[in-house]
Amino acid sequence: MLEASWQQDEQFCTPNPSVYPHQWLWDSCFHAIAWAALADDRGLAELQSCFKAQLPSGFVPHMRYLRPNVARGPLTDRSSFTQPPIYAHAAAELQRRGWALPGPLVRAIERGLDWLWRARRTDDGLLYIVHPWESGADDSPRWDSWIGEERYNRRTYRRHDKRLVEQVVFDENGVATASAAFIAAPAAFNAFAAHAADELAFLTDSPEWAARSRSLAQAIDDVLWDESTGLWRDQPIIGGGPSAAIPTLDGVFGALVTEHGDRAKRALSQLTDDRRFGAEYGLAYLPPSHPSFRPNSYWRGPAWPQLNYMAYQAAKRWNDVSMMAYLAHATRRGVLQSGFAEFWNPRTGRGLGARPQGWAALAAALP
Ligand code: GLC
């Protein structure tokens, strides 16, 4: 599947050659991990290709277009927005699997993270996003207070996406830096970034990145921990409202970086509980009892392989061997049953979205 979507000239895989015929940042990071698990050098090539569109400021765009595409901000050959910085973890995985990382790649990763820390930090020390796209979870119920519609409808969300782009403030390089309508510090984006800083500290032996990781983790715990759900919630900064606390799978990823073992355990235990995120072909993105749960609908309930993979990393951090085995098993079952789908129904494994989709190959990276 990865070979079928490999772009030899550009050295990366499109997530799906017809549905997603461009480069997406976090998808390519996950492809790199899958390639490496398959002992294929294209992992290193794909990870390096993520930085072809990096700007001198360090900003890494969420998409790079292979041909003319609808504009996502003032930049025309790439997106003006970013996406979760999975590249540091991908690089660390490659190194752990025996690849020597070129110096320029490690420096590009450091500049990418440094841009987030410089351009996107709140007074609380959290990182913020200025459009739902930047979370990777485009239509998550956590954005519903900003969208303001009674019922979820994908087409309506697309219309609001455009409206929110119109409210964004872009810097002199065409990069999104603020918004008059949507700013949020999401639990998952922050956890992935703190995890990335820790992985960069591992790669470079840098005490500064280790300290940045720890203080971001601390801010996540101080500001976002929600005792009532046993999860980390999002923090609305401009706009938004109660939807920021909806119990989605995003709320578990604080376990990647928290120092509180009890919190990590409470959050992770919800992955096997079928009243929460556990399911036959889990993980469900929302608990089935939640009024927004729709098991066949995009970011409203289905299981996503890249999130399963990150949940596995969180379980691994706490050395929860049985949780790791459960997540690897559920992911393999879902990937196979769904036909390597972009996402699938967590109860039946029915494949949804694009099929096949590159990041389903992450099953190869879960032993
Ligand atoms: C969808 C997903 C996003 C992903 C992209 C390409 O937009 O919401 O996370 O990067 O597809 O797979």
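If only residues of the range 317-367 that are within 19 Å of the chain's Cα centre (by Cα) and among the aromatic types (Phe, Trp, Tyr) are counted, the one that is most open to solvent (accessible area, probe 1.4 Å) is Phe340.
Which residues, counting only those in the range 149-162, are open to solvent by less than 80 Å² (accessible area, probe 1.4 Å) and touching a residue at least 12 places away in the same chain (Cβ under 8 Å)? Of everything in the range 149-162, those that are open to solvent by less than 80 Å² (accessible area, probe 1.4 Å) and touching a residue at least 12 places away in the same chain (Cβ under 8 Å) turn out to be Tyr152, Tyr157, His160, Asp161.
For the range 356-367, the tally of residues that are away from the ligand (no atom under 12 Å from the Cβ) and under 20 Å from Glu280 (Cα atoms) stands at 6. So for the range 118-133 (the condition being under 22 Å from the mean Cα position of the chain (by Cα), modelled with pLDDT of 95 or more and among the aromatic types (Phe, Trp, Tyr)), does at least one residue qualify? For the range 118-133, residues under 22 Å from the mean Cα position of the chain (by Cα), modelled with pLDDT of 95 or more and among the aromatic types (Phe, Trp, Tyr): present.
Scanning the range 163-180 for residues that are more than 30 Å from Ala210 (Cβ to Cβ), touching a residue at least 40 places away in the same chain (Cβ under 8 Å) and open to solvent by less than 20 Å² (accessible area, probe 1.4 Å) yields a total of 3.
Go through the residues of the range 112-128 one by one and say whether even a single one is within 29 Å of Gly301 (Cβ to Cβ), in contact (Cβ under 8 Å) with a residue 24 or more places away in the chain and within 16 Å of the ligand (Cβ to nearest atom). No - not one qualifying residue is present in the range 112-128. Scanning the range 199-249 for residues that are open to solvent by 20 Å² or more (accessible area, probe 1.4 Å) and touching a Lys or Arg at 6+ places or on another chain (Cβ under 7 Å) yields Trp225, Asp226, Ala245, Ile246. Considering (1) open to solvent by 30 Å² or more (accessible area, probe 1.4 Å); (2) more than 16 Å from the ligand (Cβ to nearest atom); (3) touching a Lys or Arg at 6+ places or on another chain (Cβ under 9 Å), the lone condition that Trp133 does not fulfil carries the number (2).
Does Ala244 count as part of a helix (DSSP H, G or I), touching an Asp or Glu at 6+ places or on another chain (Cβ under 9 Å) and free of Cβ contacts under 8 Å to residues at least 24 places away in the same chain? Even if it seems obvious, please write down each step before you answer.
Values: part of a helix (DSSP H, G or I): yes; touching an Asp or Glu at 6+ places or on another chain (Cβ under 9 Å): yes; free of Cβ contacts under 8 Å to residues at least 24 places away in the same chain: no.
Considered against the rule, which asks whether it is part of a helix (DSSP H, G or I), touching an Asp or Glu at 6+ places or on another chain (Cβ under 9 Å) and free of Cβ contacts under 8 Å to residues at least 24 places away in the same chain, Ala244 comes out as no.
In this structure, Ser57 does satisfy being more than 16 Å from the ligand (Cβ to nearest atom) and either in contact with a Leu (Cβ under 9 Å, 6 or more places away or on another chain) or at pLDDT 95 or above (or both). Which ones in the range 313-342 are more than 16 Å from the ligand (Cβ to nearest atom), part of a loop (DSSP other than H, G, I, E, B) and of a type in the set (D, E, K, R)? Result: Asp320, single match.
If the condition is being acidic (Asp, Glu) and farther than 18 Å from Pro15 by Cα, then the range 28-64 contributes only Asp41.
Applying the set (1) of a type outside the set (S, T, N, Q); (2) crowded, with 24+ Cβ neighbours inside 10 Å; (3) within 16 Å of the ligand (Cβ to nearest atom); (4) closer than 22 Å to Ala100 by Cα to Trp26 leaves exactly one unmet item: (2). Given the condition open to solvent by less than 30 Å² (accessible area, probe 1.4 Å), part of a helix (DSSP H, G or I) and hydrophobic (A, V, I, L, M, F, W, C), answer yes or no: does some residue in the range 281-289 qualify? No, the range 281-289 has no match at all. Only one entry in Ala32, Ala36, Ala53, Ala88 is over 22 Å from Ala201 (Cα atoms), open to solvent by less than 10 Å² (accessible area, probe 1.4 Å) and of a type in the set (A, V, I, L, M), namely Ala53.
Please enumerate the residues belonging to the range 60-76 that are at pLDDT 95 or above and charged (D, E, K, R). Within the range 60-76, Arg64 is the sole residue that qualifies.
The values are calculated or read from the model by the stated rules, or taken from the named source; none is laboratory data. The structure presented is a predicted model; accordingly, all values stated were derived computationally and were not measured. Cβ atoms come from the backbone with ideal geometry, glycine included; neighbour counts cover every protein chain shown. All accessible areas refer to the heavy atoms of the entire protein, side chains included, with ligands and DNA or RNA removed. Shrake-Rupley method; radii C 1.70, N 1.55, O 1.52, S 1.80 Å.
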